Amino acid sequence: MIGDIALVGGEEFRAGCEEIDLEFMKSCGQDPANVLIIPTAAVTGPEKASRDGARHFSALGGITTRLMVLDNDHANMEELAVQVKGSGVIYFTGGSPDHLLASLKGSQLWDSILEERNNGAIIAGSSAGAMVLGGKMRRPGSGGWVDALSAVPGIATLPHHENSDPEQTFLQLATQVNSGITILGIDARTGCLGKSGSWRVVGSGKVINSDRVNCQRVEDETEKYIPKDMMSKSVSMEESRIHDLEKSLIATGICSHQQVADYTHMKRNTAKPHLIKLVQQGLAVEITGINSSGHQQDFLIHKNNLELLHKISEGGHLAQRTTLLSPFDSLFWARGRDVAIFGFDQVLECYKPKNMRKWGYFSLPILHNGNLVGRLDPKLDRVSKT
C-alpha cells in the first residue's frame with residue numbers, strides 16, 4: 001500500500017511535536033519505526049539538524065538513521081540512495097526550499113524514496129521539506145511559483161502560517177497560483193497527514209485550506225483531535241526536564257551524567273538536580289565501571305536496562321556477529337562514550353578537505369562480537385558497478 005505524506009509547518013523536533021511524530025511512526029506500520037532523517041535543506045547546519053531529528057525520534061522509540069545528502073551530487077550517489085531501503089518514515093528537515101528542490105529533482109535518491117513510498121513508507125517534510133513535496137512551490141524572497149516534486153499533486157504548502165495574516169495571504173495568492181492548486185497554510189508544530197483529498201490534522205496549531213477556484217477557507221480545530229482534558233493539562237518545567245532526561249537515559253543505555261544531558265541539549269548544571277531526583281526515585285541507577293583506559297568511571301543506567309546489563313555481565317547475552325554501522329548510529333550520540341567504553345574515537349570526515357581525512361569520506365565503523373574493531377570506507381566503481 002502506498003504510504004502517506006506528512007506536511008509539517010515548521011519548528012520540527014521541538015517540544016510539542018511529539019504527538020505529530022508519534023502519529024507518523026504509528027501510521028507507517030513498523031514497530032519500532034525506522035526513521036530516516038535527511039537534512040539537505042539545512043544548508044547552514046545539516047549536522048545539527050540531523051542530530052536533533054535523530055535524538056528526537058529515538059526518544060520516541062524509533063530506530064533512527066541520518067542520511068547526509070547535502071546536494072545534488074550526493075543525491076545521485078547510489079551508495080547513499082540505497083540507504084533509503086527499509087525506511088518507515090523518511091523525514092526532510094527545514095531550511096532552504098530552493099536548495100532542497102534543486103538537490104532532489106530527478107535524482108537517484110528521490111527515485112528510491114518514491115519506491116519506498118510504494119512499499120508503505122511515509123514521506124514527511126517540515127517547512128522547506130513540506131514545501132517541495134507539493135505540486136507547486138512558492139519561492140521565498142523573490143516570490144513566484146515553480147513546479148515542485150509532486151508527491152502530492154495539486155497542493156502548495158505555506159509553512160509557519162501562524163506568522164501571517166490569513167485573509168491577506170490568500171487574497172494575494174488567489175491571483176498568483178494556477179487554477180486547481182489547493183493552498184495549505186500550516187502552523188508550526190502542526191502537521192497534515194494523508195493523501196490528496198484525505199487529510200487529518202495533528203498537533204497544537206491550525207491548518208487553513210484555500211481552494212483556488214472559490215477561495216473557500218476551512219479551519220480545522222485542534223480540539224477535534226486532542227481530548228479537552230489533555231489540552232488543559234499543565235506540565236511544569238521540572239516535570240518536562242525529568243521526562244526528557246529519563247527518555248534520554250532509556251535511549252542511550254549506559255552513559256555519564258554529562259552525556260545524558262548532552263542528548264537533550266540541556267546544560268549539565270541544569271540537568272544535575274533532575275538526574276539526582278531520577279536516582280532518588282529509583283528510575284536511574286548509578287554504577288561504576290572500568291573504562292577503556294583502565295580507570296574507574298561513573299555511569300548512569302535506567303532501571304529498565306538493569307536486567308540486560310546483568311545478563312551481559314554473566315555472559316548470557318553476548319554478541320556473536322559482525323556488522324557495519326552508520327557513522328550516525330545512536331551508539332555515537334553520547335559524546336565520548338565510544339572512547340570510554342570501546343577505546344574507539346568515531347570521526348565523521350565527509351566535511352573535511354580530502355587532504356585532511358585520515359579514515360575516508362564516509363568510513364563505516366565495524367562492530368565485531370560487541371567490540372568496535374575497525375573502519376571500512378566503501379567505494380563504488382561506477383564503470384563496473386562494483
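The values are calculated or read from the model by the stated rules, or taken from the named source; none is laboratory data. Every value quoted in this text rests on a predicted model; they were computed, and no experiment measured them. Note that each Cβ is placed from the backbone with ideal geometry, even for glycine, and that neighbours are counted across all protein chains shown.
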Could you check, for segment 31-41, whether at least one of its residues is over 22 Å from Leu104 (Cβ atoms), in the same structural domain as Gly88 (by TED's automatic domain parsing) and of a type in the set (Val, Ile, Thr)?
-> no
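May I ask you to list the residues in segment 183-198 that are assigned to a strand (DSSP E or B), surrounded by fewer than 21 Cβ atoms within 10 Å (Cβ to Cβ) and at pLDDT below 85?
Passing the criteria: Lys195, Ser198.
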What residue, among those in segment 98-121 that are over 18 Å from Ala41 (Cβ atoms) and not polar (S, T, N, Q), is surrounded by the most Cβ atoms within 10 Å (Cβ to Cβ)?
-> Ala121
State all residues of segment 325-346 that are exposed (fewer than 14 other Cβ atoms within 10 Å of the Cβ) and aliphatic (A, V, I, L, M); if no residue qualifies, say none.
-> none
Can you pull out the helices (runs of 4 or more DSSP H) entirely within segment 28-136 that have at least 3 residues that are acidic (Asp, Glu)?
-> 108-118
Within the set of pairs 6 or more residues apart or between chains, which connect a residue that is more than 15 Å from Ser240 (Cα to Cα) inside segment 257-268 to a residue that is modelled with pLDDT under 85 and not in a helix (DSSP H, G or I) with Cβ atoms less than 6 Å apart?
-> Gln259/Ala334; Asp262/Arg335
Does Ser103 satisfy being among the small types (Gly, Ala, Ser), touching a helix residue (DSSP H, G or I) at 6+ places or on another chain (Cβ under 8 Å) and at pLDDT 85 or above?
-> yes
Going by the conditions given, is Glu307 among the acidic types (Asp, Glu), exposed (fewer than 13 other Cβ atoms within 10 Å of the Cβ) and under 26 Å from Gly62 (Cα atoms)?
-> yes
Positions within segment 114-134 being closer than 19 Å to Glu11 by Cβ and polar (S, T, N, Q), in sequence order = Ser126, Ser127
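Here is a check on your reading of the model: is Asp147 in contact with a Pro (Cβ under 8 Å, 6 or more places away or on another chain) and acidic (Asp, Glu)?
Here the answer is no, as Asp147 does not meet what is asked.
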Residue check, Ser126 against (1) modelled with pLDDT under 95; (2) within 24 Å of Leu22 (Cβ to Cβ), all met but one. Which one?
-> (1)
State whether one or more residues within segment 372-386 are under 23 Å from Glu78 (Cα atoms), free of Cβ contacts under 8 Å to residues at least 12 places away in the same chain and among the polar types (S, T, N, Q).
-> yes
